[in-house]
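The values are calculated or read from the model by the stated rules, or taken from the named source; none is laboratory data. For clarity, every value in this text was computed on a predicted model and none was experimentally measured. Quick reminder, even Gly has a Cβ in these numbers, built from the backbone with ideal geometry, and neighbours come from all protein chains shown.
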Amino acid sequence: MNVFEEIREYYEEAIDWKLGVKRGWVEEYLRYLETQGKSQNILKKIWDDINAFSHYQDRSEHHDLSKLPYWEYSICLEWIDGHILSKEYELNLKNAKRLLGKLLNFYKFLVQRSYTEREKSVIHKFFVKLVRSKIKKGIK
C-alpha cells in the first residue's frame, strides 16, 4: 500500500474525530516531498513520525498546533515512548532528533503555506535545547 492510500485509510476509516494535524496538510507536504525525489519508503517514515506526533497532540490540551508550547515536546516524546511500541519510538537522543527534525520540517512547510500561525522557532527552540543540552535527563 502506498503512503497516500495509508493516509486516506487512516483519516477516513481508522478515526472518527477531527485531528489537529489535518489530512490535507499531510498529503500536500508529502506530495511536495515526492516532487523533491523522496521515495515511498522515506515518505512512509515521515508519515509515521507525523502520525505518532498527531496521536499525542490529539490527547494534549493544545489541539491547535499554534498553541503547543515548546516544553510540551518533551512530554510528547515521553508519551510516544510509552504508547507506541516500536524501537523507532524508544526514548533516546537519536530517535528524538529524528522525530523532532521531521516535525520541524513539517512546521516550516505549514508556516510557509500559512496553514498555522505557529512560528517554527517554538519547536526549533526545543530541538536546540535537546540537542545542545549537556544533561539529557531520561534520554539515552
Fill in the blank from the handout: Being of a type in the set (D, E, K, R) and either loosely packed, with under 11 Cβ neighbours inside 10 Å or closer than 25 Å to Asp81 by Cα (or both) narrows Lys38, Lys22 down to just Lys22
Handout entry: Members of segment 39-72 found to be charged (D, E, K, R) and either over 16 Å from Leu104 (Cα atoms) or under 14 Å from the mean Cα position of the chain (by Cα) (or both), listed by number
Key = Lys44, Lys45, Asp48, Asp49, Asp58, Arg59, Glu61, Asp64, Glu72
Exercise for the section: Answer yes if at least one residue in segment 75-82 is assigned to a loop (DSSP other than H, G, I, E, B) and over 11 Å from the mean Cα position of the chain (by Cα), and no otherwise. Expected result: no
Exercise for the section: Scan segment 61-87 for residues that are more than 16 Å from Gly101 (Cα to Cα) and of a type in the set (S, T, N, Q) and jot them down. Expected result: Ser66, Ser86
Fill in the blank from the handout: Listed by first then second residue, the pairs whose first member lies in segment 72-94 and is in contact (Cβ under 8 Å) with a residue 24 or more places away in the chain, whose partner is surrounded by fewer than 12 Cβ atoms within 10 Å (Cβ to Cβ) and not in a loop (DSSP other than H, G, I, E, B), with beta carbons under 7 Å and at least 6 positions apart or on separate chains, are none
Exercise for the section: Kindly establish whether Leu100 is assigned to a helix (DSSP H, G or I), crowded, with 18+ Cβ neighbours inside 10 Å, modelled with pLDDT of 90 or more and not acidic (Asp, Glu). Expected result: no
